[in-house]
Amino acid sequence: MARTKVKWISHAGFQITSGTGKVIYIDPWFDNPLAAMKLDEVKQATLILVTHDHFDHVGQATEIVQKTGGLLVANVETARRLQSDAKIPPEKVCYFGYGMNIGGNLVYEGISVTMTQAFHSTATGAPCGYIIRLEDGTTFYHAGDTGIFESMKTLGELYPIDVAMLPIGSVFTMDPVQAARATKMISPKKVIPMHFKTFPILVQDPSDFIELTRKEAPNVEVIKLNPGEEYTYSK
Ligand SMILES: [Zn+2]
């Protein structure tokens, strides 16, 4: 049985470890009071994905690239800015330094990454989400920072999702009402709520989301993690 580990760093930050031991970071921001992991605990990384250029998402992504030699994945303009600001060699940014854009796919060391749309803002490029398919077929959808959009349903149909990570915190992203409906549209096997509690203005706990998802998508199990907690998914 294929076993994949997902650790919630806090906020939108996750560490995914595939069955073969490859490590993927998404929006790794360790400099916040809730973060239950620090940069010096990062030992290896195959891929480092950034959804948009806000500080709470770029986090320590470029430091991880420099430390591990992993490949940075980001939107074209964001990739270019991160690469030049941190003086990362172009070959350590996906597509030889170009980055990628919404709808695009990258296969790297057996892991498939598809960039998806997200409705949000960013200083460079466009905000995005990611669909990540591991070597054993286990598929994740990290929505990035976004409001709800109808084509989440199409994404769920095109790429059957095992585990979705969805923002529920409101103010900057979907609130629990939208996130519960999004869960229904995506129809993953499991959903992990994220992007809440980090700031006092955000939704502080996932209880409303859990209750609403029970009504909207009763077949989907909500995996409620605390920062630093790791969930093992068996396909
Ligand atoms: Zn954010």
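How much length, in nm to one decimal, is gained on full extension between Glu77 and Glu229, taken as 0.36 nm per residue of separation minus their Cα-Cα distance? Before the final figure, lay out each step's value.
Details: separation 152, 0.36 × 152 = 54.72 nm, distance 3.29 nm.
Length gained, Glu77 through Glu229: 51.4 nm.
Sorted by mean Cβ packing within 10 Å, highest first, what order do the peptides 226-233, 161-168 take? Could the numbers behind the result be given before it?
Details: 226-233: 13.2, 161-168: 26.9.
Top of the packing list down: 161-168, 226-233.
Using a/c under 1.5 as the rounded threshold, could you call the range 21-61 rounded, prolate or oblate? The axes a ≥ b ≥ c are square roots of the C-alpha gyration tensor eigenvalues, and prolate needs a/b larger than b/c, oblate otherwise. Please list the in-between numbers first.
Values: a/c = 2.54, a/b = 1.19, b/c = 2.14.
Here the range 21-61 falls in the oblate category.
Assign one of three labels to the range 75-212, namely rounded, prolate or oblate, based on the Cα gyration tensor with a ≥ b ≥ c the square roots of its eigenvalues; rounded applies when a/c is under 1.5, prolate when it is not and a/b is larger than b/c, and oblate otherwise.
On the way: a/c = 2.20, a/b = 1.40, b/c = 1.57.
Oblate, since a/c reaches 1.5 and b/c is not below a/b.
Let me make sure I get this right: for the chain, a, b and c are the square roots of the gyration tensor eigenvalues over alpha carbons, sorted descending. Under 1.5 in a/c it's rounded, otherwise prolate if a/b > b/c, else oblate. Which is it?
rounded
How far apart, in nm, are two points set 7 Å out from the Cα along the Cα-to-Cβ line at Ala2 and at Ile201?
4.0 nm
Using the heavy atoms of the protein chains alone and a 1.4 angstrom probe, what is the accessible area of the chain per residue in square angstrom?
Details: 9690 Å² over 235 residues.
I get 41 Å² per residue for the chain.
Rounded to two decimals, what ratio of Rg to Rh does the range 1-131 give with C-alpha atoms and a Kirkwood Rh? Please list the in-between numbers first.
Values: Rg = 13.5 Å, Rh = 14.5 Å.
Result for the range 1-131 is an Rg/Rh of 0.93.
Among 8-19, 179-190, how do they line up from the highest to the lowest mean number of other beta-carbon atoms within 10 Å?
Descending packing order for the listed peptides: 8-19, 179-190.
With the full set of protein chains in place, find how many percent of the accessible area of the range 59-133 is carbon and sulfur; take the probe as 1.4 Å. Could you put the intermediate results ahead of the total?
Details: 1750 of 3230 Å².
Within the range 59-133, the accessible surface is 54 percent carbon and sulfur.
Pairs to check: Lys67/Lys190; Lys22/Lys184; Lys87/Lys190; Lys38/Lys153; Lys87/Lys224; Lys43/Lys235. Give those whose C-alpha atoms are more than 28 Å from each other in this structure. Write out the running numbers ahead of the final one.
Details: Lys67/Lys190 32 Å; Lys22/Lys184 30 Å; Lys87/Lys190 38 Å; Lys38/Lys153 35 Å; Lys87/Lys224 37 Å; Lys43/Lys235 26 Å.
Over 28 Å apart, Cα to Cα: Lys67/Lys190; Lys22/Lys184; Lys87/Lys190; Lys38/Lys153; Lys87/Lys224.
Could you grab the relative contact order for the chain? Cα pairs under 8 Å, six or more apart, rounded to a whole percent.
Details: 586 pairs, mean separation 42.5, N = 235.
Here the relative contact order equals 18 percent.
The values are calculated or read from the model by the stated rules, or taken from the named source; none is laboratory data. Predicted model only: the values in this text are computed from it and were never measured. Note: ideal-geometry Cβ built from the backbone for every residue, glycine included; neighbour counts use all protein chains shown. Heads up: the accessible areas ignore ligands, DNA and RNA and are worked out on the full protein's heavy atoms, side chains in. Shrake-Rupley method; radii C 1.70, N 1.55, O 1.52, S 1.80 Å.
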